[in-house]
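The values are calculated or read from the model by the stated rules, or taken from the named source; none is laboratory data. These figures come from a predicted structure and were not determined experimentally. Please note: Cβ atoms are built from the backbone with ideal geometry, for glycine as well, and neighbour counts cover all protein chains shown.
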Ligand SMILES: Cc1cc2nc3c(=O)[nH]c(=O)nc-3n(C[C@H](O)[C@H](O)[C@H](O)COP(=O)(O)OP(=O)(O)OC[C@H]3O[C@@H](n4cnc5c(N)ncnc54)[C@H](O)[C@@H]3O)c2cc1C
């Protein structure tokens, strides 16, 4: 875009007010809707599910006999001290000051034992590894946390990079089981940028001075955040449509620049612009008029999905927020005890909340495993892992699954990304697959939304507005 175009319509001041549809009501869609609204635009947001929030949405768990219910996130969510964009968003809706910050502990299940790995001293005693292996493992994590130029890592496989820095012993005993638990066999196609992103985030979670890991949550969880956020958007004039799956988007066939959006139930609406935040393969399917190259790029993005159980318990099972698992017989990625952070008394009706996730590639049949089978697998696994675990303490057990969670950081991923500004004028494809400098989390998602809206979507919109203004003025001159 030329600088003269920018001068003609400075952001939010004299840009013409146009209609925008944001497709997808997860945090990315909510953030983009807010930023467009702040620029004076007429914004509608359409979410397929009955409620907004996507992966952050909540559900109810039964907490006992008197029809009591606990509402908490379907998937576990914590906020880090370093999540500045998310904290800014929470401040805007009046919830940032309420964040409860809690020091966390990390465990490892290794060799049939539960081990604490919450500080350097414990790390240096980690039994499965020799002293040399521990030092090399620690050195790798420290080195990864200092790397600034992640693009160098993108061309290397994660296995090659970790073997080089941690050595074969630490790789086989620690990294490989963790990689397999998180990525399955897809770890073989994953680049070293993946481990860099995870390490950098976890390092940030530690306060520089005390080196303590602090995680936060808003009382009421994401249910409360989403309630406030959507009410705030509505008050600011954003039109919110829940239960509105977008089926297709195409150019209006009358020579205008409008886009026609079909909601699949007979309703069709037109908008000047559409920003789609849904998973890349779904974007490819929703807009027939994209070029073959664009569709191929969107469809080629591989995702990691997840099956994740929420289990409400009468008794705690461990003191660790996350228990990483290196024993390969365990069919879970980790055990997450949310109630080590979230206050059981004030938030969970005196109970304990444990998440049991298994991440799988998006085409893995395990994503379709029945709830009953997954439940049985989880409970029998916990009986083997924890002597004191008893099914009698389980109050409720619910299984959530999502096919499209995080785009896989494959080798040279950034070179194959589909464009955000598409060949269909006014149609923008902006989703979390564009996260390159971090792992998937809410802070990274909304930071990306804000940045790419300012750097790519908005300039393109202004440029199109200028073209229309120029062609209108030359029409006027011609007709005068
Ligand atoms: C197990 C798990 C643990 C996590 N832990 C954390 C954590 O601790 N901290 C953290 O910060 N983040 C965490 N995250 C990540 C966080 O949830 C994501 O970063 C964030 O929710 C992504 O938001 P999104 O809007 O990009 O995508 P989504 O939430 O997937 O939103 C996309 C939305 O589009 C909708 N949609 C799809 N198709 C259509 C259609 N045709 N029409 C209209 N709508 C459509 C979907 O229903 C969905 O609501 C976790 C995620 C998972 C799964």
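For the stretch 74-84, does any single residue satisfy the condition of being in a helix (DSSP H, G or I), surrounded by fewer than 14 Cβ atoms within 10 Å (Cβ to Cβ) and touching a helix residue (DSSP H, G or I) at 6+ places or on another chain (Cβ under 9 Å)? Break it down stepwise before answering.
Start the filter on the stretch 74-84 by keeping residues that are in a helix (DSSP H, G or I), which leaves 84.
With the extra rule that they be surrounded by fewer than 14 Cβ atoms within 10 Å (Cβ to Cβ), the set shrinks to 84.
Okay, now just the ones that are also touching a helix residue (DSSP H, G or I) at 6+ places or on another chain (Cβ under 9 Å), so 84.
Yes.
Restricting the search to the stretch 110-130, which residues are farther than 17 Å from residue 172 by Cβ and either modelled with pLDDT of 85 or more or assigned to a strand (DSSP E or B) (or both)?
If we filter the stretch 110-130 for residues that are farther than 17 Å from residue 172 by Cβ, which is where we start, we get 112-125.
Of everything in the stretch 110-130, those that are farther than 17 Å from residue 172 by Cβ and either modelled with pLDDT of 85 or more or assigned to a strand (DSSP E or B) (or both) turn out to be 112, 113, 114, 115, 116.
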Margin query: Can you say whether residue 243 is within 29 Å of residue 357 (Cα to Cα) and surrounded by 18 or more Cβ atoms within 10 Å (Cβ to Cβ), as far as the supplied structure shows?
Written below: no
Note to self: Can you pull out every residue in the stretch 349-367 that is more than 16 Å from the ligand (Cβ to nearest atom) and either crowded, with 19+ Cβ neighbours inside 10 Å or within 21 Å of the chain's Cα centre (by Cα) (or both)?
What the structure shows: 351, 352, 363
Margin query: Looking only at the stretch 232-249, how many residues end up being without any contact (Cβ under 8 Å) to a residue 40 or more places away in the chain and out of contact with any helix residue (DSSP H, G or I) (no Cβ under 9 Å at 6 or more places or on another chain)?
Written below: 2
Note to self: Quick check on residue 29: is it outside the structural domain of residue 386 (by TED's automatic domain parsing) and within 16 Å of the ligand (Cβ to nearest atom)?
What the structure shows: yes
Checklist line | Failed item in (1) away from the ligand (no atom under 16 Å from the Cβ); (2) in contact (Cβ under 8 Å) with a residue 24 or more places away in the chain; (3) part of a strand (DSSP E or B), with residue 64 passing the rest | finding: (3)
Check: residue 437 is checked against (1) outside the structural domain of residue 203 (by TED's automatic domain parsing); (2) modelled with pLDDT of 95 or more; (3) out of contact with any helix residue (DSSP H, G or I) (no Cβ under 6 Å at 6 or more places or on another chain) and fails just one. What number does that condition carry?
Finding: (2)
